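Below is one structure, written out as structure tokens, with a few remarks after it.
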Amino acid sequence: MKVSYLNDEFFSRLETSALHLRANLAGFFGGKHLVKTYGQTVEFADYREYMLGDDIRRIDWNLYSRFEKYFLKLFTDERQMHTQIFLDCSGSLGKVNPAKAAYAVGFAAALGFLSIHNMDKLSFKLMKGEKTEDPFGVIVGKNTFFRIVSELENIEFGDETDLEKAILSCNDVGNNDGLTVIISDFFTDSNWKKAVDYLCYRKRQVLLIQILSPDEIDPAYEGRVHLLDAEAASVEDGKNMKLRITNGMLQAYSEALNDLIADIKSFCNSRGAQFVSVNCERPIEKEIFGNLLNIGLME
């Protein structure tokens, strides 16, 4: 049964929220994000002394009458950012678990809507193999966004994704102009950390979202089982295996998963990036609002 979160009710609950990005991003003129530089909005920020060549129309004559010195009024600047959402289209994220795939797409759509709602630009980057596809181009405005929403549900998941090569193959990640989101389960041998380092070098704000299913968080297997890799090329692939599940193996798996999550979190903290891990069994609105509010990305 196909699972979907993309409906009017889902997006209407996001209407009163907004993405809170770093104030030191540059971005483009014409958006709604307040940045640290001074600009031409009507919101007063500060004063500074007049210097030769400044616009005399910005002189505060009331201050001149008090101090007999020229001071300029400074106003806040608002910029338009570019949100880029990299979605892992590997088999482990959605080939055998439609609910997990729908959750990943729902998270991508929610962040996309919040960006468009902020008057930002938006791009959905689909990571497949060692490449990144950009089927929708740059999205601006809600009308364009809602035209492509239904197409998000038709994304095909399969095979293996090299997160590092897929992200590094993208030559338009921008520079200091917005948010990059990577949505994956991070069950990969690829060096995704190198990709995050590259994004940080480009001064992008980075958010990693790990999507996990209940079976991955707390597997209930026991006895003899035949485990099939969702990204294996065939049943005979060496990644598939037959084994007998013991309590010791389940304990070792739990510890390995906790170590993986702790490693991602520690790495992100060291790079100034943000990270959340979510369970696709929980209501998606609670995971979106709860996690993004906790890390300060939503307001």
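Just give me the residues in region 244-299 being in a loop (DSSP other than H, G, I, E, B) and farther than 25 Å from Phe113 by Cβ, in sequence order.
Thr246, Gly272
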Among residues of region 165-178 being touching an Asp or Glu at 6+ places or on another chain (Cβ under 9 Å) and of a type in the set (D, E, K, R), the residue modelled with the lowest pLDDT is Asp172
Answer yes if at least one residue in region 177-190 is within 15 Å of the chain's Cα centre (by Cα), in a loop (DSSP other than H, G, I, E, B), of a type outside the set (D, E, K, R) and closer than 20 Å to Gly112 by Cα, and no otherwise. yes
Return only the number of the condition from (1) over 17 Å from the mean Cα position of the chain (by Cα); (2) modelled with pLDDT of 75 or more; (3) buried (at least 20 other Cβ atoms within 10 Å of the Cβ); (4) under 28 Å from Gly296 (Cβ atoms) that Phe10 does not satisfy. (3)
Looking at (1) out of contact with any Lys or Arg (no Cβ under 6 Å at 6 or more places or on another chain); (2) at pLDDT 85 or above; (3) surrounded by fewer than 16 Cβ atoms within 10 Å (Cβ to Cβ), which one does Asp46 not meet, given that it meets all the others? (2)
With the requirement that a residue be in a helix (DSSP H, G or I), farther than 23 Å from Asp189 by Cβ and among the aliphatic types (A, V, I, L, M), what does region 84-121 give you? Ala99, Ala102, Val105, Ala108, Ala109, Ala110, Leu111, Leu114, Ile116
Within region 105-156, track down each residue that is among the charged types (D, E, K, R), modelled with pLDDT of 90 or more and crowded, with 16+ Cβ neighbours inside 10 Å. Lys125, Lys128, Glu133
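The values are calculated or read from the model by the stated rules, or taken from the named source; none is laboratory data. Because the structure is a prediction, the values reported are computed rather than measured. Neighbour counts run over all protein chains shown; Cβ positions are idealised from the backbone, glycine included.
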